[in-house]
Amino acid sequence: MTSPQALMLALALALALALTSTASATVSATERTVVFSRAPDAFPTNWRLNGVPPAAASMRIHFALRQQNIAQLEAVATAVSDPDSPQYGQYLPPAEATAIVAPSPDVRARVVAWLAEEGVPAKAVSGSLDSVRLIAPVAVIEQVFHTSIVAAEHELTGDGALVAVGEWSVPAHLANDIAMITGISDFPIRRSSAARATLLAGDAPDADGDADAGENPYSTPSTYSNSAFGNDFWPQLGRVVPQTIQRVYNISADHAQASSKVTQAAVEFQGVDCFSYTDMEQFQIHVGVKFTNVSKIIGDTTRFQPISCQGETNLDLEQMLGVASQAQTWYFSVDQWIYEFTQEYLALPAADSPMVTSLSYGWMANEQCQIGQAACSKLGVSSQGYVERCNTELAKLAAAGKSVIVCTQDEGAPSDLNTECQNSQNPVTPIYPASSPWVTSVGSTALLDKFPKPSTAAVAADAPAADAPICSKIRCSQGTKEAVAMSPNAAFTSGGGFADYAARPAWQDAAVKSFLADSSALRPDSRFFNASNRAYPDIATMGTSIFYLANWGQPGSHMHTEGGTSASTPIFSGIVSLLNSVRVESGAAPLGFVAPLLYKMADECPECFNIITSGNNTCTGWGRQMPCCDGAGYGARNGWSPTVGLGTPNVGNMIEYVKRMKR
């Protein structure tokens, strides 16, 4: 779940116009600039042509307009997020943040006028001061772009997409107005879990209350020699329930529920329009937290089906509800990718705009362009251009006081581009949006149990009375020590590293410099990462053997375990909601973009973090026997590292720190 499928689908990335310095408004409107030309069979791996689109099909197209004053926006976003700034917490309405970077009104007017000339009705056009959104039938899209649209299907999953084939173009006189266009040539991303195990076959435990060995990736001891933990290591056996999180992260009973004034949402992309209200209720009954259900769906609700859910969204929502019970918890459905996510988030009315969003997706930063870097460069765009535009949009959300919490992915520092340690030219690759300087990036730890597999009697003796009701039927973890989630102590490896396209922000400068100055800290050769750029993650939480309920297309609610940084991400999102509860109940603003505060907190309150010193992220994913690549990752240490960031949270101490904040 924490990552798109290893199927090499590029992430819903925009194709930018081939902008040239000679283009100008004096060019005849009848001249066209070809943006891209795709052969009918030039589809990504596992995608195939599937005929013509349905007659009633429509498409959503976004035009990102040229921006200005980006440094001014970033200064505002930094000031309102810096606890030492007089402007801390004085967030802007999203429209005001957009106005800072918007082009002159005539730029947007020219694009809208062109669409009107092509016969597009005014009601089909919307957007903001620096964007235009077009929702129209396929026939209209074909007319606007002088192209043909076909249906494509994924051979393994059955997913569908509508994409342009042959040339598609725009008027040449708009070349200096439009920065990029999304939605016409994009293939959807997919999200997959590092490890999912059916916890109880038929919803009943076996003889010892555990899952069968064949179903549970954590049920046998490891003998994998290339491990930081030696040759004979028993990985986590017990399951993580909300009470496990409360115990390890010092969440007392009086802070285990969030304020109902706090809002949080799980973000899902590309039509994963499904979660089960029944599963939400049953999960909370099983783990013994006060019941509250998902109360709002943001986005297109016409496709939502609360039955036969694959379970990924259930995991996100259940972890947020388990950690921050009683918070208003919402489901946020988004088409396409990060640019579209930011546009929809920024456009939400204040009453529908969550304070915290948990985003459990990511892809290699240098692979954001689905048609290949050479082709993208010819078009005047690259993955760098897409990332930089999206970073500006994420900066708007920071200026508006939104907490965007993002996973670091499950393939370690090597990423999907080096799964077999074969890539000696680029052994490590950063992930986006985790490497954005405007999100809070979350890695994973494994909670290490204290025992080889005990007897049934020992399980009962170990289980404290305060554990969740379900812990009388299954083994819940009694561990207290954490290590970096990596093979073999997890079926995935937590990601981390240094951004390709964003400079290191001032708020993490001292922490990262300390890591770089530590000659004993494991890291790749300096040729392979940009040490002056944004480093990630910022923090981590446990992410292995997470208990949740989902039906995965089967009748009834079924118990499962999950592993991945996307399990850690909603857990930390819930923790941010607990911290926000302290703020809003005292009349203060929510924490907003929280990463700068975390680094200040680490300086002034080291006891606010649990330091993780065991493990590294040189292994790839998924599976406990995946290889670990020498020199292709970073090691944990006593201090910030690109494995677990500042460490894992001591929430009780964090709450006391937040209470003492002056603003």
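The values are calculated or read from the model by the stated rules, or taken from the named source; none is laboratory data. Values in this document were obtained by computation on a predicted structure and should not be read as measured data. Here the Cβ is made from the backbone with ideal geometry for all residues, glycine too, and neighbour counts use every protein chain on show. Accessible surface is based on the protein model in full, side chains and every heavy atom, while ligands, DNA and RNA are left aside. Shrake-Rupley method; radii C 1.70, N 1.55, O 1.52, S 1.80 Å.
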Show the residue pairs that are 6+ apart or on different chains and have beta-carbon atoms under 6 Å apart, the first residue being within region 394-418 and under 13 Å from Ser441 (Cβ atoms), the second being assigned to a loop (DSSP other than H, G, I, E, B) and open to solvent by 10 Å² or more (accessible area, probe 1.4 Å). Leu394/Trp438
Find all pairs meeting these conditions: Cβ atoms under 6 angstrom apart; at least six residues apart or on different chains; first residue within region 322-333 and among the β-branched types (Val, Ile, Thr); second residue in a strand (DSSP E or B) and open to solvent by less than 10 Å² (accessible area, probe 1.4 Å). Thr329/Gln264
Can you name every residue in region 625-663 that is farther than 25 Å from Asn418 by Cα, touching a strand residue (DSSP E or B) at 6+ places or on another chain (Cβ under 8 Å) and not aliphatic (A, V, I, L, M)? Gly647, Thr648, Pro649, Asn650
Mind listing whichever residues of region 307-346 are outside any strand (DSSP E or B), under 15 Å from Phe275 (Cβ atoms) and either polar (S, T, N, Q) or out of contact with any helix residue (DSSP H, G or I) (no Cβ under 7 Å at 6 or more places or on another chain) (or both)? Ile307, Ser308, Cys309, Gln310, Gly311, Glu312, Thr313, Asn314, Gln319
Being touching a helix residue (DSSP H, G or I) at 6+ places or on another chain (Cβ under 7 Å), surrounded by 14 or more Cβ atoms within 10 Å (Cβ to Cβ) and either assigned to a strand (DSSP E or B) or at pLDDT 90 or above (or both) is the requirement here; does Gln246 meet it? no
Qualifying position, being charged (D, E, K, R) and modelled with pLDDT of 90 or more, among Glu312, Glu344: Glu344
Members of region 521-540 that are open to solvent by less than 60 Å² (accessible area, probe 1.4 Å) and more than 13 Å from Pro642 (Cα to Cα): Phe528
Give the number of residues within region 479-520 that are part of a loop (DSSP other than H, G, I, E, B) and open to solvent by less than 10 Å² (accessible area, probe 1.4 Å). 12
Which numbered condition Cys628 misses (of (1) on the phi > 0 side of the Ramachandran plot; (2) open to solvent by 10 Å² or more (accessible area, probe 1.4 Å)): (1)
Out of all the residues in region 120-148, which are touching a helix residue (DSSP H, G or I) at 6+ places or on another chain (Cβ under 9 Å), acidic (Asp, Glu) and farther than 30 Å from Ala97 by Cβ? none
What's the number of the condition Thr613 fails, among (1) in contact with a Leu (Cβ under 6 Å, 6 or more places away or on another chain); (2) among the hydroxyl-bearing types (Ser, Thr, Tyr); (3) part of a loop (DSSP other than H, G, I, E, B)? (1)
Search result, residues across region 584-636 that are without any contact (Cβ under 8 Å) to a residue 24 or more places away in the chain and either under 19 Å from Thr648 (Cβ atoms) or touching an Asp or Glu at 6+ places or on another chain (Cβ under 6 Å) (or both): Pro606
For the subset of region 417-449 comprising residues that are modelled with pLDDT of 95 or more and open to solvent by 10 Å² or more (accessible area, probe 1.4 Å), which member is nearest to Gly615 (Cα to Cα)? Pro437
If a residue must be at pLDDT below 50 and either open to solvent by 30 Å² or more (accessible area, probe 1.4 Å) or farther than 18 Å from Glu153 by Cβ (or both), how many such residues does region 1-60 contain? 25
Subset of region 347-377 (residues that are at pLDDT below 85 and in a helix (DSSP H, G or I)): Ala365, Asn366, Glu367, Gln373, Ala374, Ala375, Cys376, Ser377
All positions within region 249-298 that are part of a strand (DSSP E or B), modelled with pLDDT of 90 or more and crowded, with 23+ Cβ neighbours inside 10 Å: Thr263, Gln264, Ala265, Ala266, Val267
Please state which of the following conditions Phe609 fails to meet, knowing it meets all the rest: (1) closer than 23 Å to Ser526 by Cβ; (2) open to solvent by 10 Å² or more (accessible area, probe 1.4 Å); (3) among the aromatic types (Phe, Trp, Tyr). (1)
So the strands (runs of 3 or more DSSP E) completely within region 69-188 holding 2 or more residues that are under 19 Å from Glu31 (Cα atoms) are 160-171, 178-182
Just wondering, is there one or more residues in region 72-93 that are more than 25 Å from the chain's Cα centre (by Cα), over 24 Å from Gly592 (Cα atoms) and exposed (fewer than 15 other Cβ atoms within 10 Å of the Cβ)? no
